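As structure tokens, the structure follows; a few thoughts come after it.
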């Protein structure tokens, strides 16, 4: 027990010199993950020391960094301690699995140190070693695993947490987007795309954490949500599609962000101009055809959000609905192309991926019945007379007892019918 107590009290480079070696910065995260588990492995009454005693060295480092001006914060001699403390914090945050322990770290960092994280993002935006450490810590800190980010009903802490998160992402992204410094092609991922992907991951976790009532921001004219979404969309649009699909980690963050935005903040996307929205939807269309099943599934879910919104809101006098109708009138091939791709993937694609593509099919068919009819006629025109009859019967059976509704029971029934349709049609279809 004395050894554990010593470790928990003296987790600094003074007592553990390996922490100061630049090559060991990654191990700092593992070291502090282990120490935090040791601290909380017993009940609060039996802990070898208090949280305040354990976190004191890190709080002292953060306070010293916070006292520096921006010019001093940018100095090279600050780089080591800065990266180190961010990696330490990430290790600690990763070991907090309940509301009580998470609250201890939150209370340590807020409000004293939140502004420091924003300053780091702005001052060190062009140094991957710093931004990677910062964004990975923030991502861990805002990730609501095991419902640990769970504040009291009357607490504004969820709003404070999201505001800091948005400001960090904005501070980093705006400077990155404004930078004119050329990046060699062989360093593009390390110096640009990796940070972009991490920034999107941070926002993904914050937007889907379920600890913020986002309507509050618009109600009280706080631009923090709008700013975060705006800068993230600019990041997304700044990357060529080929580059996105070339880097799996970037693609995962990219399409996960679009799924979250189309699910919970679709009005923001619909108010974009048509060419910009189509750029996003074209990327989703390409991602849908990816051989990576989780990626394809994410894109299919995004399409379902769009078509479900259109079906449920047709004819409503909302500005965003009118804007979506204008987009579709401007790009009449949108729904037909998505319908054709989904059915082709179902009928001719990998068996491992057919469950993913089924999700949006009913909503897309209800949103644009003409698209489904057109695809059916086109597919039948490629078949022999005998197969046409079989295919016509298969489509008729598919549509039996399917209501014009997106209720869960109707979706489940249609999914079962799609499975039977796929098996039946593949037994006789010719390419």
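In segment 235-257, how many residues are touching a helix residue (DSSP H, G or I) at 6+ places or on another chain (Cβ under 7 Å) and assigned to a helix (DSSP H, G or I)?
First, pick out the residues of segment 235-257 that are touching a helix residue (DSSP H, G or I) at 6+ places or on another chain (Cβ under 7 Å): 235-239, 241, 243-245, 247, 249-257.
Now drop any that are not assigned to a helix (DSSP H, G or I), which leaves 235-237, 241, 243-245, 249-257.
The total comes to 16.
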If we keep just the residues of segment 5-33 that are free of Cβ contacts under 8 Å to residues at least 12 places away in the same chain, assigned to a helix (DSSP H, G or I) and within 34 Å of the chain's Cα centre (by Cα), which is surrounded by the most Cβ atoms within 10 Å (Cβ to Cβ)?
24
Which residue out of 390, 342, 364 is crowded, with 21+ Cβ neighbours inside 10 Å and free of Cβ contacts under 8 Å to residues at least 60 places away in the same chain?
342
All-but-one check, residue 170 against (1) buried (at least 20 other Cβ atoms within 10 Å of the Cβ); (2) closer than 15 Å to residue 127 by Cα, failing number (2)
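Given the options 204, 227, 210, name the one that is on the phi > 0 side of the Ramachandran plot and either out of contact with any strand residue (DSSP E or B) (no Cβ under 9 Å at 6 or more places or on another chain) or in a helix (DSSP H, G or I) (or both).
Values: 204 fails: on the phi > 0 side of the Ramachandran plot; 227 fails: on the phi > 0 side of the Ramachandran plot.
Every option except 210 fails the conditions.
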Identify, please: which residue in segment 34-44 is in contact with a helix residue (DSSP H, G or I) (Cβ under 9 Å, 6 or more places away or on another chain) and assigned to a helix (DSSP H, G or I) and is, among those, surrounded by the fewest Cβ atoms within 10 Å (Cβ to Cβ)?
44
Hey, can you tell me all the residues within segment 258-296 that are touching a helix residue (DSSP H, G or I) at 6+ places or on another chain (Cβ under 7 Å), modelled with pLDDT of 95 or more and not in a helix (DSSP H, G or I)?
265, 271
Restricting segment 45-68 to residues that are more than 17 Å from residue 108 (Cβ to Cβ) and surrounded by 12 or more Cβ atoms within 10 Å (Cβ to Cβ), the residue that is modelled with the highest pLDDT
68
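Would you mind listing the helices (runs of 4 or more DSSP H) fully within segment 335-431 where at least 3 residues are closer than 28 Å to residue 278 by Cβ, out of contact with any helix residue (DSSP H, G or I) (no Cβ under 7 Å at 6 or more places or on another chain) and at pLDDT 90 or above? I'd like the intermediate steps shown before the answer.
Working: elements: 354-358, 361-367, 369-381, 385-399, 408-426.
Ranges flagged: 369-381.
The values are calculated or read from the model by the stated rules, or taken from the named source; none is laboratory data. For clarity, every value in this text was computed on a predicted model and none was experimentally measured. Here the Cβ is made from the backbone with ideal geometry for all residues, glycine too, and neighbour counts use every protein chain on show.
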